[in-house]
1. Tell me the mean residue ellipticity at 222 nm calculated for the chain from its helices only (DSSP H runs of n ≥ 4, each -39500 (n - 2.57), averaged over every residue, nearest 500).
2. Probe of 1.4 angstrom, ligands and nucleic acids ignored: what's the accessible area per residue over the chain, in square angstrom?
3. I want to verify a result. In a Gaussian network model of the chain, Cα cutoff 10 Å, which of these has the top mean-square fluctuation: I90, I108, I81?
4. In percent, what relative contact order does the chain have, based on Cα pairs under 8 Å that are 6 or more apart in sequence?
5. Is there a quick way to get the dipole size of the range 22-96? I mean about its Cα centre, with the Cβ of Lys and Arg at +1 and of Asp and Glu at -1; what is the value in debye to the nearest 20?
6. Under DSSP H, which helices of the chain have Cα atoms covering 15 Å or more of the helix axis and a Kyte-Doolittle average no less than -1.0?
7. First obtain the Kirkwood hydrodynamic radius of the range 81-131 from its Cα pairs, then insert it into the Stokes-Einstein equation at 37 °C and 0.692 mPa s, and state the resulting D in µm² per second as a whole number.
8. Could you state, as a whole-number percent, how many of the C-alpha pairs of the chain are farther apart than 22 Å?
Amino acid sequence: MFKLSKKVEYALIAISHINSSNSECPIPVSRISSKYNIPNELLAKILQTLTKFDILDSIKGPKGGYKLKSKFEDLSLVDFIEILEGKFGIADCMVDTECNQLHNCNIINPMDKINSKIYRVFSDIKLNQLT
């Protein structure tokens, strides 16, 4: 079954929440975590990663939290996934050239075609369309 990881799901939930908030104040991790029942420490790590990649702004202090930067609007879903999970691929051979089945694989060509199509679809979806 092909599905997004929990890390990507949680990141999308957090970004959507921050984006839909009409507040000028930063949104604390704890507020998002408790509202959506996401483990606080995991969500904090995810949001730190998004800050490192300049998608979020981190504000320190007692009234701190996170704000979205305008860069998120231009980010594609595939770029977002790759920030959080690494190279996009529906099978190990699409991202790992060390696969021990690679030389004998009889499905690599159709898998590559499927991967390319999904990659293009995910590339056409911008984060602001999801939030």
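The values are calculated or read from the model by the stated rules, or taken from the named source; none is laboratory data. Note that the structure is a prediction, hence the values are computed from the model and not measured. Quick reminder, even Gly has a Cβ in these numbers, built from the backbone with ideal geometry, and neighbours come from all protein chains shown. Keep in mind that these areas ignore ligands, DNA and RNA; they rest on the heavy atoms of the full protein, side chains included. Shrake-Rupley method; radii C 1.70, N 1.55, O 1.52, S 1.80 Å.
1. Values: 6 runs with 66 residues, N = 131.
It lands at -15500 deg cm²/dmol.
2. Working: 8470 Å² over 131 residues.
Result: 65 Å² per residue.
3. The residue that fluctuates most here is I108.
4. Values: 133 pairs, mean separation 34.7, N = 131.
Dividing the mean separation by the residue count of the chain yields 26 percent.
5. On the way: 10 positive and 11 negative charges, 111 e Å.
For this selection, approximately 540 debye.
6. Values: long enough: 6-20 (21 Å, 0.28); 40-52 (18 Å, 0.14); 108-124 (24 Å, -0.49).
Going by DSSP H runs, the hits are 6-20, 40-52, 108-124.
7. Numbers: Rh = 12.3 Å.
Result for D is 267 µm²/s.
8. Details: 3635 of 8515 pairs.
More than 22 Å apart: 43 percent of the Cα pairs in the chain.
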